[in-house]
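The next block holds one structure in the form of structure tokens; read it before the comments.
Where a number appears in this text, it was derived from the coordinates with a stated rule and is not lab data. Just so you know, these numbers come straight off a predicted model, no measurement behind them. Here the Cβ is made from the backbone with ideal geometry for all residues, glycine too, and neighbour counts use every protein chain on show.
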Amino acid sequence: MERTSTNPIPDMYLTYLALLCLLQLSGATSPHRHQIDSDKVLCSANSRQIANNGNGSTVWPWQTYMSSNATPPALRINRTKESLFDGLLFLTPSYGSSIPGTKEQAPIIMRDDGDLVWNGPVHDSSNLLVQTLGGRQVLTYWSGQGSAGYSLAIGHGYGEVVILDSTYTVIHTVCPQLNLKLPPGATARCVADVHESKITDRNTMLITAYNTTPYDLSSIGGPSKGWLLDSLALEVDIITGKVLFSWSLLAHLPLNRTLFQLSGAGTSQSTPFDPFHVNSIQLVGNNYLINVRNIWATFLVSPAGNIIWAINGLNGGDFGALPEGGNFSWQHDARLETLNSSAALIHWFANNNDEFTAPRDIKPSTGLTLLITLPPDPSSPPVLYTNYTNLQYPVGAWSQGSFQYLPNGNVLMGYGAYAVIEEYGPKESTSNTQGHVRWSAAFGYDDLVSSYRVFKQEWHATPASKPSLVVSRTMANDTLNQCAGNSTWRGYVSWNGATDVTGWLVYAGTSNATMNAVGMVKKEGFETEFVLPQGAMFIQVGAVENYERNAVRRSDVVAVPARQDSLPYSFGW
């Protein structure tokens, strides 16, 4: 394992440090904001290390730290020099099969250089993203039993949607009031499904749910006393969990619309057939855009439950013939953007494969956008707008996936069942619909790791927790030995979830009552390693955000283990 190299301190940061040096420390252990009187800059480095289980392991390499137990995946990144959207990555690495493919399953936030920002609770999770609730930004994710890949019930899950504020404090858990029949042996306090958890502008939440239902499957070659999963599209009250809208696919569509192979399913409550598979919902005005994977179709449904229109990947449905390159199948993440009263863009992550696709028949998954006429008019059929495809390294994802237009015009695609993320540049011209990859990352071996969706968004958070600080003797090959003078001790500091920390104020003393500001450390990655002043017996750090002059929160005071260099502390140079 190798420690990453020391980064040079930019001129802007030195100017910032000079300004900090003019300020007077207001107190050593008070929880209030503090100021610094030091003119010392302590050398620092990104202390991230990469670990793996050796050749032949199915577990993707992971990152390790001294001050945190987090073990996020080590992204394998390729990028051009072209501009990217300045946001954070939100993903939920999960096992893609019964074979462990990632060190931990958890919701995580990362930078596009691979540095960790936040490692959430280690648990099955999905759909981590930033949303707006009551006019403020919140972080939401699904947590429960199962996952969007392999799970207690393959292809869906049971759980709750967790809503966090910008301190990572849980402010709501959404638990819909539903009387669902679960597979035998399954127990769940909450039964929200893994696929959707979208907050609306009326402060409700759109969710999916799956109800195990006895049903006659003889019309599609199954048993007359069979079992299926009835997909439900729901709008619920975030506070109470009360269901405000419910749409059952089974109540509105014939069973023979399914394009999914029965393949022996449906014979028991333990193995229900999944004929429809709702995986995304969007509020469009007062109507609902509902995507149904296993019939290759997306519907606009009224509040009364009536189908207003449908578009499908076979023949375009109500909209007329699809253009060349505009067909889709097994799609996810349907979203509609209204342009005016007579036109809209609709886009999907078009998987174009399912779990039964033979290897020789696998097609690239694409980011498909169609320009459609509203209301539907077959004489004015859809026009191909994008079908983003990595022609050099195509990926055919058989399940899951996401497609997101970014604020700067770029596009982010998460390949769901395959542990791949790509950021494309903006649509270049009407003649080029396939786009150009500017950045890509892998976080698992093929489909051994999945992330149901991946987002890139802006997020600013100051955790309610304290920064984490540990101290340790230096190692022989330590990066900082070249600038440490006679100091043989190192500090390691991280603050899980902090997005805007730019530096660390370092306090040292011979007791926890005699702490003084002794220097500033430039933040380096998720965890920063820095040189401890020679002779310091107690160490504390304070987080500085956005190059400001004050520490917003301090770590606990940490005692340096008994040491030989008991002289008054100094930097040794």
Any idea how far apart Lys363 and Tyr393 come out in nm if each label point goes 7 Å out from Cα toward Cβ? 2.4
Thr514-Gln137 FRET efficiency (beta carbon distance; Förster radius 30 Å; 0.05 resolution): 0.15
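If contacts are Cα pairs under 8 angstrom and at least 6 residues apart, what is the relative contact order of the chain in percent?
It rounds to 15 percent for the chain.
Under the rule of -39500 (n - 2.57) per DSSP H run of 4 or more residues, summed and divided by the residues of the chain, what mean residue ellipticity at 222 nm is obtained, to the nearest 500 deg cm²/dmol?
Here the helix-only value at 222 nm equals -500 deg cm²/dmol.
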Mark the label point 7 Å from the Cα of Asn408 along Cα→Cβ and return the residues of the range 73-99 whose backbone N is within less than 12 Å of it. 80-88
In debye, nearest 20: dipole of the range 313-450 around its Cα centre with unit charges on the Cβ of K, R (+) and D, E (-)? 220
Which of Trp118, Trp495 has the fewest other C-beta atoms within 10 Å, and how do the rest follow up to the most? Trp118, Trp495
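How would you rank Leu262, Leu88, going from fewest to most other Cβ atoms within 10 Å of each one's own Cβ?
So the residues, fewest neighbours to most, are Leu262, Leu88.
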Points 7 angstrom from Cα along the Cβ direction at Lys466 and Asn78: gap in nanometres? 4.6
Neighbour-count ranking [beta-carbon atoms within 10 angstrom, fewest first] of Lys198, Lys181: Lys181, Lys198
Roughly how many debye, to the nearest 20, is the charge dipole of the chain about its Cα centre, given +1 on each Lys and Arg Cβ, -1 on each Asp and Glu Cβ, and no other charges? 760
Within the range 308-393: Cβ-based charge dipole about Cα centre, in debye rounded to nearest 20 (Lys, Arg +1; Asp, Glu -1): 140
Please turn the phi angles of the range 250-263 into ³J(HN,Hα) values with the Karplus equation 6.51 cos²θ - 1.76 cosθ + 1.60 (θ = phi - 60°), one per residue in order, whole Hz, x for glycine and proline. 5, 7, 10, 10, x, 4, 6, 6, 5, 10, 8, 5, 5, 6
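Which FRET efficiency, nearest 0.05, do Arg257 and Ile308 yield, Cβ-Cβ r, R0 22 Å? All intermediate terms of the calculation are to be shown ahead of the outcome.
Values: r = 17 Å, r/R0 = 0.79.
Efficiency at R0 = 22 Å is approximately 0.80.
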So what J values fall out for the range 521-529 if you push phi through Karplus, 6.51 cos²θ - 1.76 cosθ + 1.60 with θ = phi - 60°, rounded to Hz, Gly and Pro as x? 10, 6, 5, 10, x, 5, 10, 9, 9
So how tilted is helix 11-20 from the main axis of the chain? Cα-based, degrees 0 to 90, rounded to 10. 60
Over the chain, how many pairs of lysines fall under 19 Å by alpha carbon, counting only those 8 or more apart in sequence or from different chains? 11
For the pair Asn486 and Thr187, what calculated FRET efficiency results from E = 1/(1 + (r/R0)^6), where r is the Cβ-Cβ distance and R0 = 60 Å, to the nearest 0.05? 0.50
Read phi for every residue in the range 453-466 and hand back ³J(HN,Hα) as whole Hz from Karplus 6.51 cos²θ - 1.76 cosθ + 1.60, θ = phi - 60°, with x for Gly and Pro. 9, 9, 10, 10, 8, 7, 7, 10, 9, 10, x, 6, 6, 8
Given the candidates Tyr452, Thr499, Val544, the one whose Cα lies deepest towards the positive end of the charge dipole of the range 418-573, counting +1 at each Lys or Arg C-beta and -1 at each Asp or Glu C-beta, is Val544
Inter-probe distance in nm under a simple model that places probes 7 Å from Cα toward Cβ, at Ser380 and Met475: 6.5
